Amino acid sequence: MSICNSRHRHDPTFETLPLDQGGAGRHRCCGCAYERGYDLGLQREELLNIDIESLPESQAGTVRHRSPHAAFAMGYQDGIAASYMS
Ligand SMILES: [Zn+2]
């Protein structure tokens, strides 16, 4: 099991995400989930798979106990928006 040490763990953006204390994704890094969604959004990928189990874990920062599902969705939307600006 990998542990995320990226700086995005302390991004205040993720404080707006819903808390996920008991769900399947509660120890997964929301920053990594966001980036995965963003990349798929940028490509306007139509078949999405969050694949929660493959995300690194995180125990620190603003991403702790936040919903990786919501983070992925936010990243996907931001990626889509970015795809129209290039
Ligand atoms: Zn991460």
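The values are calculated or read from the model by the stated rules, or taken from the named source; none is laboratory data. Predicted model only: the values in this text are computed from it and were never measured. All Cβ positions, glycine included, derive from the backbone under ideal geometry; neighbour counts span all protein chains shown. Side chains are part of the model used for accessible areas, which takes the heavy atoms of the whole protein and leaves out ligands, DNA and RNA. Shrake-Rupley method; radii C 1.70, N 1.55, O 1.52, S 1.80 Å.
Residues considered: Gly37, Gly41, Gly23, Gly79. Of these, the only one that is of a type in the set (Gly, Ala, Ser) and outside any helix (DSSP H, G or I) is Gly23.
Does at least one position in region 68-84 carry a residue that is in contact with a Cys (Cβ under 6 Å, 6 or more places away or on another chain) and within 14 Å of the ligand (Cβ to nearest atom)?
Restricting attention to region 68-84, the residues satisfying the condition of being in contact with a Cys (Cβ under 6 Å, 6 or more places away or on another chain) are 68, 71.
Within this subset, residues satisfying the condition of being within 14 Å of the ligand (Cβ to nearest atom) are 68, 71.
Yes; the residues of region 68-84 include at least one that is in contact with a Cys (Cβ under 6 Å, 6 or more places away or on another chain) and within 14 Å of the ligand (Cβ to nearest atom).
Just one residue in the set Gly37, Gly25 is open to solvent by less than 80 Å² (accessible area, probe 1.4 Å), modelled with pLDDT of 90 or more and either closer than 28 Å to Met85 by Cα or within 15 Å of the ligand (Cβ to nearest atom) (or both); that residue is Gly37. Evaluation of Glu46 against the conditions (1) farther than 13 Å from Cys4 by Cα; (2) within 11 Å of the ligand (Cβ to nearest atom) shows that the sole unmet condition is (2).
Per this entry, Thr62 is counted among residues that are more than 10 Å from the ligand (Cβ to nearest atom), assigned to a helix (DSSP H, G or I) and over 28 Å from Ser86 (Cα atoms). Considered as a group, the residues in region 1-22 that are under 11 Å from Leu55 (Cα atoms) and modelled with pLDDT of 90 or more include one that is least open to solvent (accessible area, probe 1.4 Å), and that residue is Cys4.
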